[in-house]
1. Report, for F:ARG230, each distance to the same residue's label point in the other copies, shortest first and in nm; define the point 7 Å along Cα→Cβ.
2. Can you divide the C-alpha Rg of the protein assembly as shown by 2.2 N^0.38 Å and report the result to two decimal places?
3. Simple spin-label model, 7 Å along Cα-to-Cβ: F:GLU31 to F:THR234 in nm?
4. Amide H of E:VAL72 versus every other amide H placed in the peptide plane: which residues, excluding those fewer than 5 positions away on the same chain, fall under 5 Å?
5. Could you work out how far helix A:201-215 tilts from the main Cα principal axis of chain A, as a 0 to 90 degree angle to the nearest 10?
6. Against the globular-protein guess of 2.2 N^0.38 Å, express the Cα radius of gyration of chain B as a ratio, rounded to two decimals.
7. Can you tell which of B:ALA134, B:ALA12, B:ALA203 shows the greatest fluctuation in a Gaussian network model of chain B with Cα springs below 10 Å?
8. Please report the spacing between the Cα centers of the range B:150-217 and the range C:152-219 in Å, no decimals.
Number of protein chains: 6
Amino acid sequence: MKILVANVNTTASMTRSIVEQAERAASPGTEIVGITPAFGAESCEGNFESYLAAVAVMDAVTRYEGPFDAVVQAGYGEHGREGLQELLDVPVVDITEAAASTAMYLGHRYSVVTTLDRTVPLIEDRLLLAGLRARCASVRSSGLGVLELEEDPARAVEAIVEEAAIAVREDHAEVIVLGCGGMADLEAAITARLGVPVVDGVAAAVTVAESLVRLGLSTSKVRTYAPPRRKRVTGWPITS
Amino acid sequence: MKILVANVNTTASMTRSIVEQAERAASPGTEIVGITPAFGAESCEGNFESYLAAVAVMDAVTRYEGPFDAVVQAGYGEHGREGLQELLDVPVVDITEAAASTAMYLGHRYSVVTTLDRTVPLIEDRLLLAGLRARCASVRSSGLGVLELEEDPARAVEAIVEEAAIAVREDHAEVIVLGCGGMADLEAAITARLGVPVVDGVAAAVTVAESLVRLGLSTSKVRTYAPPRRKRVTGWPITS
Amino acid sequence: MKILVANVNTTASMTRSIVEQAERAASPGTEIVGITPAFGAESCEGNFESYLAAVAVMDAVTRYEGPFDAVVQAGYGEHGREGLQELLDVPVVDITEAAASTAMYLGHRYSVVTTLDRTVPLIEDRLLLAGLRARCASVRSSGLGVLELEEDPARAVEAIVEEAAIAVREDHAEVIVLGCGGMADLEAAITARLGVPVVDGVAAAVTVAESLVRLGLSTSKVRTYAPPRRKRVTGWPITS
Amino acid sequence: MKILVANVNTTASMTRSIVEQAERAASPGTEIVGITPAFGAESCEGNFESYLAAVAVMDAVTRYEGPFDAVVQAGYGEHGREGLQELLDVPVVDITEAAASTAMYLGHRYSVVTTLDRTVPLIEDRLLLAGLRARCASVRSSGLGVLELEEDPARAVEAIVEEAAIAVREDHAEVIVLGCGGMADLEAAITARLGVPVVDGVAAAVTVAESLVRLGLSTSKVRTYAPPRRKRVTGWPITS
Amino acid sequence: MKILVANVNTTASMTRSIVEQAERAASPGTEIVGITPAFGAESCEGNFESYLAAVAVMDAVTRYEGPFDAVVQAGYGEHGREGLQELLDVPVVDITEAAASTAMYLGHRYSVVTTLDRTVPLIEDRLLLAGLRARCASVRSSGLGVLELEEDPARAVEAIVEEAAIAVREDHAEVIVLGCGGMADLEAAITARLGVPVVDGVAAAVTVAESLVRLGLSTSKVRTYAPPRRKRVTGWPITS
Amino acid sequence: MKILVANVNTTASMTRSIVEQAERAASPGTEIVGITPAFGAESCEGNFESYLAAVAVMDAVTRYEGPFDAVVQAGYGEHGREGLQELLDVPVVDITEAAASTAMYLGHRYSVVTTLDRTVPLIEDRLLLAGLRARCASVRSSGLGVLELEEDPARAVEAIVEEAAIAVREDHAEVIVLGCGGMADLEAAITARLGVPVVDGVAAAVTVAESLVRLGLSTSKVRTYAPPRRKRVTGWPITS
């Protein structure tokens, strides 16, 4: 089985880190292929960048040559999953949704902890659209940007663990979802300090994608995610 | 006052038609400027095309030279308004939202009548995100595509009036919102047959944009719609 | 165009102040006429007073001689808009609703800041009924009464700005709605300190009323707001 | 124990009928006193009439001389209960709410069946405000006015039983609430035909009022329903 | 009239205490019979114990010999009421629901104060299922177990009054519901300190049960609560 | 990896059928062990039977000797998952929830099709509690009982396919969930006729259980699902 894991930003080192996470979660025999968009922002932290990423990911996946069995969109809280579902016959799994669904098996309520404050509403909106917000206790941010996170990992760990602690203590979260692709190394720190399960979106999404493929299930094509009608589309793919 | 009215598809005749609607609604002294995206689909009827339109509209507005006071995004049920809000200091008004808000002043519940069935979930989702769905009785489609609508206007009128009648009779809508940029000529037909107010999104959005400018109000920049952070963005603008 | 702006209490100085706000927001050529109820409380701060105001406003508008194009009900969080809609053919705009709708164009979430704590549930209920609560971050009170507000404006400004600051910081409001007719002078103070847009209900409602008139739209008469059936009504109008 | 049962319209025969229903539900030793407003409409079928009734009931109860232990507001779907709660120290029970609460003990979902179609939104709104709508399957109308109901009882019974049957069959209601003060004689007909419990609001409200009195409970005065502040109220009571 | 009041745990002294509360609330002529399950936990503080209690209460009520007119299930936040409704023709009243319904007549919002923190989600879930959560300001716990409550009543009173005070001050509760069968003596303490009505579930449920019996109403049998189909059930009743 | 798959009724042939479905979905190396309760109903079609099943499953799992890695509760719409989560350290997956979560990856909205009408409210309630109802288009029943389903499979297939067709056509479901353990053979029939993905709960739950085990995740023990407190529990396990 081959799963494309699409980074949403143009930073290749981030793609590699995502692929490593995905590989750790994958079953034996599953091949993970990382996809990096050809255009867009070096990190996604808002709607402009996220919409650009949505199109850039569709562009990159469209241009990918060779077969694949599923796609994981590996940007937490980003736009675009619905477009991929229209373009593809194979399952498409968004890490925001996979993480939330997985967390809901583990406790009565979950919280998302992310980095930059301005992405909190994007995440809340994606969970609302996905119908996965009823048991979300809170979406909290540590106040750090994606790139800062890479620059000072120790401070990032501390800040995020602190937000997770508040989520458990004040919002009554029983499970923590890590709301950022680059935060995967924090799992051990949070579990050690708080004793709650920590869900990483990339890992969760890979297992969901594998499960769907194994069950022979893919996107319904009867209405919302039917293939685009045949018509004139100018300038597509963007990087053709 | 100058208002940019952005079409979401690449069909220039549609832009002209939208501009005419906008001009009919505008106050004396308001200048309407139509914007047509440089790339994307000739009509928007799904998520792939809508995400592409979101980026194409941002691209076109970014490249517009000269001052303007507000932007109306004139694609019903489309993605993208949030991105424009981040990029601009002037008010951005989405016709989906302006139409719903306007309808809510006129009756206890409103219904949206649109063309293609597959866009119904997109519209429902945009209304949900906008927080304007509580008083939406239904979103109904006539089963016609945007282009068919242009080709056989008489049949389109009939089909849409019929859906509006069902919305009033069965869903208890008291106001009808026209869920498509190209459907403006139907207002008289629906009002004549059903006796209910009919709201056109472009007209509603122009008055909202004028009102915001006149009140000196624009998008809050403290969180969700803060300007994008300074960072490397590859390949932007797309058509540079 | 002539817009009646109805105060909900019997304090004529308040009516004058409301008319001034309305005039500042009105387009050239719009005439604002203030209406003061002939009975009721000198300020509205609860359900008894608000229900009385609902009837007193209907009474005063009913007795108004001469034509008018729209009515603005200028009591924040008060009962009565639905009754006026039944009695009149012209648009009726409630300032609570106009302010919320306007705020929703400007940010992801808005908060209402009002004076007396006991009116908070009335405001929450009006927003709930209007279907405008999904994006309301909070309704907060400064703990001051309407009349105290007039007596010590400086203290009132300070108390309300402080609540607005909490709304932005803790409730993540991106826009502030002033939840009281007499609080209009506070706009500059809040924007200066917090950097967020501030929406005044009277100003917002006047622009909405103008827009509806210009678009040729008025209340739907097919169901909820149909004219009262012909029947015996004793003692009406109250002040006949 | 003495319970005031307030009719919301000015039709004395309706008050007598309500009192009889109340007396049938009351415990031995409970005295029922009917209250008829001194002004307002001969039947309440919309917001104008309902707001007028809210004030007329407050007026009539305020002028009532002698002690009483509770008030039942006996207009289905009408405004006003909150105002009475501010004015009185004794419990106030609205029949819309008492009927819904009672129905919820009896089945998974309930439907309200009322007469005139235009009152349906008022009832829905009252249930929404009361927090009792989650288990409401539907509010349905037979299309008859309150007075027609009195004029042709046989036809009214038939029309209402038919709506109740639709509510059970299509909306999956398991309990029927009669949404009109004058419909009490229909209970037997509906139960006989449909085999579901039928709740009459007046009867339900009397038992609730008795229970609250017996438990020594009354309206909380700490916030929403605190007594009106001491201030100048012109022209009150209306009929003084 | 005879009402069975079923304790959910196996502690006989708790049953006696519940019966005493019920008797204080009952009308003259109402006989209260306490039921203690033959198996299960000595106190219910979680789902395992609560599911066991659901079956143990059904078992005990099934084996009860002689007629009765209604059943009160006297475990706050516990499972099981729906099963009893299927097995019995007489009304079944759950104290969680009776307390919430009663509280809603008394104030704009109510809070539940209970003992052990882990039962908070159970209570929230029961209120959600019952459709009674819209006006619930909060469910708060004092952090004490049911048995500790019996061992050190003074400390329990203090801890619970403190939580009730926070509910009123911060969550804007206007009414307090005692979320535990054994907490009835606290009513006076809370009312004395906070000046808000306090609702005890057992007392409320007894008056509801009496009212339903007096109105001749019982569980609808048309769908959800129809009697179990005739089939092989092994090992039932458990204690046969 | 060893997964216990617990039937909720006492019919051993049903357990075998469930085990076969589970085995078809399981990865190589996963061992499926069927569990049949020692007491309870031969099929679960209501709350009494479902509560009994909840306890019988906990009883059977508690008495199971030897290690296991996860439990699947294989009764659609049944009570009990929360109790198992308290008793066990390994993941517990309910098929109702696994099916819904899986369906939500495949389409905008899903419908559940089940057999007996009376179980519809149980299913709706379980989805509500699980926070998975926002994107549920409908829960529909074919009107057949579990045992009838086994007796006349051809008629059952026809009836269920028909309900699924209505769900797609009228409720706009894009995915069908089979709401009954014994309905697995219907998948091909529905997909063939309607062209939509069909999700079987047992298969979905097995893949979820495997994923959780592989990710090293299990139930959070910090609050709702903490182990039962040490206390006297009479008569437990039931079949000891």
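1. In nanometres, ordered from closest: 5.1, 6.2, 6.2, 7.4, 8.4.
2. Details: Rg = 31.1 Å, N = 1440, 2.2 N^0.38 = 34.9 Å.
Ratio of Rg to 2.2 N^0.38 Å for the protein assembly as shown: 0.89.
3. Result for the modelled spin labels: 3.9 nm.
4. Under 5 Å from the amide H of E:VAL72: E:LEU4, E:VAL5, E:ALA6, E:VAL93.
5. 50 degrees
6. Values: Rg = 17.1 Å, N = 240, 2.2 N^0.38 = 17.7 Å.
My calculation over the Cα atoms of chain B gives 0.97.
7. The residue that fluctuates most here is B:ALA134.
8. With the range B:150-217 and the range C:152-219 each reduced to a Cα centre, they are spaced 30 Å.
Readers should treat all values here as calculations from the given coordinates under stated rules, not as data from a laboratory. Quick caveat, the model's predicted, so the values are computed rather than measured. Neighbour counts run over all protein chains shown; Cβ positions are idealised from the backbone, glycine included.
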